[in-house]
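Nothing in this text is a laboratory measurement; each read-out follows from the coordinates by a stated rule. Because the structure is a prediction, the values reported are computed rather than measured. No Cβ is skipped: glycine too gets one built from the backbone with ideal geometry, and neighbour counts run over all protein chains shown.
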Amino acid sequence: MAEFVLGTGFQRSLRDIARLLEVQVRRTQGAPRRIMGNADGISFVASREKFEGKFTQFELSFDLAFEEIHYIEVLSLAEMAPYITEQTDTVLHLRFPKVEGEDPGAGIAAMDALLKGIRLPGVWRGDGGQFRVERINVELLFKAMVEYRASDVHLSPGFAPVFRVDGDTRLSEIMGPLSSVQIRELIREIADPQYWKEFETEKQTSFNFHQAGLGYSRVSAFIKSDAPHCTMRFLPETIPSFEELHVPRPTMEQLAKLHRGLLLLTGMTGSGKSTTVAALVDWINSHKSLHILTIENPIEYVHSSKKSIISQRCLGVDVANFSDAVRGALRHDPDVIVIGEMRDPDTIRSAISAAATGHLVISTLHANTASEVVNRIVSFFDPIERDLVKLQLRDALRCVINQRLVPKIGGGRVPALEILFNDVKAISTGILEGDTDHIRIGMQQTVSHSMLFEHYLYKLYQDGLIDIAHAREFATDVSMFDQIVMGTYSVPRLEGVRGGH
């Protein structure tokens, strides 16, 4: 890490300045055994035996042109002599205590006396050194994620590993506070050379790591405040079943049996979209004789060919970008194309085109509700293209599932789903017109198989899986949910919605 600049104010003690610099170093690099500080005319190195506690040795260097040096000149050379290590015409070096093993208290007291009459600078350049270097045990991290049932672990300089369990972050003492040196070395150790190079040049990278016998991990490494950070998302070796995910098997099987069209799994980051997609793909792989082609960045769940042939391609390794991969996929004789994420216009165009030409395309998208997905997709495009995109979506879109993970009674989380089937005229018309309200009303018609979050949350509450407070918290429309609970809710008429426009 490069030197940082810190305004310390005019402190009376060099030890106080060292402590202020240490706070900054800990925040970005972890606990140091050495602190270096330099300012106009003076610099120092403070050292200690351990990573905690007071600094017990100081090495000082004075520029003899330093305006405050005249005070030192009037001191008795006999008093300074035990601590002087070098003196030239331009520089004076001192060490307190001079020899390791001597009483540090006496040396520090002598330094305080020496500096008592000097006005120390108020701005310093600082850095740290001699950080923890022992290797992080990646197997221990995986075992802890399994034991804690954690979805992620966060590694940051200055902190012990932080695990995300049921959506909440929890500090663990399986390891002490980590240093930037340790985290950087872990990234280098578990990343393939190309991803390590990307991390060094682009300051961020993402890749898949396999800890045999325990699971996989999607690793996200990045630089923050000039220091490395790392997040590891746990992915089991065995892909969870629909029952294990607590998602409705009849609905999922109905979707997995689709022959063509666009199927979207949506939700916010960490809502379980990738896991639900993996379960769908695994069901197809186990029950149908097809060619499944996935395009991911990075590959997350690792599939083996079962009844189907499955080909997993990774961006940056097997292909340059999503849109090129989807266009090229049409020449690879696929039946099912899985796109890790639709995040740019070219990828979306290619996905819709593939769905329109007789393929089942499964992908993910960030969105708050299923009814908002159409406008979310359309927003990627220039206004001149949007009407065409809505027309293509009306014809290609089969289903949108939006997912939220809700705290479960007794611990853990259960997914709440909002399911939009493009199965009635009201919904297809809403898609064509980009009318979210019309789509939402269409989803509530008895002839549609769709379901809003509010109805799904009420069902989870009735089944005793979640409590009423969390059901209300995760509802899109709390007033609607309350009416459903009281039995007073009635579906608005489509004519009423149109009349409001």
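In segment 288-321, which trypsin sites (Lys or Arg not before Pro) fall in coil by DSSP and have 12 or fewer other Cβ atoms within 10 Å?
Working: sites: 288, 306, 307, 313; in loops: 288, 306, 307.
Answer by residue number: 307.
To the nearest 20 Debye, how big is the dipole of segment 178-313 about its Cα centre, given +1 on the beta carbon of each Lys and Arg and -1 on that of each Asp and Glu? Intermediate values should be presented prior to the final figure.
Numbers: 15 positive and 14 negative charges, 94 e Å.
Charge dipole of segment 178-313: 460 debye, to the nearest 20.
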Task: Three-way shape call for segment 242-499 based on the alpha-carbon gyration tensor, with the a/c threshold at 1.5 - done: oblate
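Could you rank the peptides 46-52, 204-210 by their average count of other C-beta atoms within 10 Å per residue, with the highest value first? Please list the in-between numbers first.
Numbers: 46-52: 15.6, 204-210: 18.9.
Packing proxy ranking, top to bottom: 204-210, 46-52.
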- [ ] Please compute the net charge surrounding residue 360, taking Lys and Arg as +1 and Asp and Glu as -1 over other residues with Cβ under 11 Å from its Cβ.
- [x] +3
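Could you please rank 379, 308, placing first whichever residue has the fewest other Cβ atoms within 10 Å of its Cβ?
Working: 379 11, 308 20.
Ordered from fewest to most neighbouring Cβ atoms within 10 Å, 379, 308 come out as 379, 308.
Past 23 Å, Cα to Cα, is the threshold; run 307/408; 54/116; 306/459; 50/98 against it and keep the listed order.
On the way: 307/408 35 Å; 54/116 20 Å; 306/459 35 Å; 50/98 19 Å.
Correct reply: 307/408; 306/459.
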Open item on the list: Along the charge dipole of segment 4-131, pointing to its positive end and built from +1/-1 on Cβ of Lys, Arg, Asp and Glu, which listed residue (47, 128, 23) has its Cα farthest out?
Closed with: 23
- [ ] Please give every one of the lysines within straight-line cross-link reach of residue 203, meaning a C-alpha to C-alpha distance under 18 Å, and leave out same-chain neighbours fewer than 8 residues apart.
- [x] 224
Open item on the list: Between segment 107-165 and segment 320-336, how far is it from one alpha carbon centroid to the other, in angstrom?
Closed with: 46
TODO: Neighbouring Cβ atoms within 10 Å as the yardstick, rank 229, 332, 366 fewest first.
DONE: 332, 366, 229
Task: Qualifying GluC sites (Glu not before Pro) in segment 160-205, DSSP loop, other Cβ atoms within 10 Å at most 15 - done: 173
Open item on the list: Of 350, 431, 169, which is farthest towards the positive pole of the chain's charge dipole, taken about the Cα centre with +1 and -1 on the beta-carbons of Lys, Arg and Asp, Glu respectively?
Closed with: 431
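Between rounded, prolate and oblate, where does segment 138-235 land on the alpha carbon gyration tensor, with a ≥ b ≥ c its root eigenvalues, rounded for a/c under 1.5, else prolate if a/b exceeds b/c? Numbers along the way, then the final one.
Numbers: a/c = 1.86, a/b = 1.30, b/c = 1.43.
Oblate.
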Open item on the list: Please state the shape class of the chain: rounded when a/c is under 1.5, otherwise prolate if a/b exceeds b/c and oblate if not, all from the C-alpha gyration tensor.
Closed with: prolate
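Only loop residues by DSSP count here, and only those with at most 16 other Cβ atoms within 10 Å; note down the trypsin sites (Lys or Arg not before Pro) in segment 88-189 that meet that. Please list the in-between numbers first.
Values: sites: 95, 98, 116, 119, 125, 132, 135, 143, 149, 164, 170, 184, 188; in loops: 98, 116, 119, 132, 135, 149.
Answer in residue order: 98, 116, 119, 135, 149.
Considering only the other residues whose Cβ falls under 9 Å of the Cβ of residue 371, what net charge follows from Lys and Arg at +1 and Asp and Glu at -1? Kindly include the intermediate steps, with their values, before the conclusion.
Numbers: positive: 440; negative: 372, 418, 437.
Neighbourhood net charge equals -2.
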- [ ] List the residues whose amide H sits under 5 Å from the amide H of residue 312, counting only those 5 or more places along or on another chain, with H placed 1.01 Å from N in the peptide plane.
- [x] 294
Open item on the list: So if I place +1 on the C-beta of Lys and Arg and -1 on the C-beta of Asp and Glu, and nothing else carries charge, what would the dipole magnitude of the chain be about its Cα centre? I want it in debye, nearest 20.
Closed with: 1280
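For the residues 175, 443, what sequence is obtained by ranking on other C-beta atoms within 10 Å, fewest first? Can you show the working numbers first?
Numbers: 175 18, 443 27.
Taking fewest neighbouring Cβ atoms as first place, the list is 175, 443.
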Task: Of 320, 379, 448, farthest towards positive along the dipole that unit charges on Lys, Arg, Asp, Glu beta carbons give segment 242-499 - done: 448
Open item on the list: Quick check: the distance between the Cα centres of segment 189-233 and segment 1-38, to the nearest angstrom?
Closed with: 29
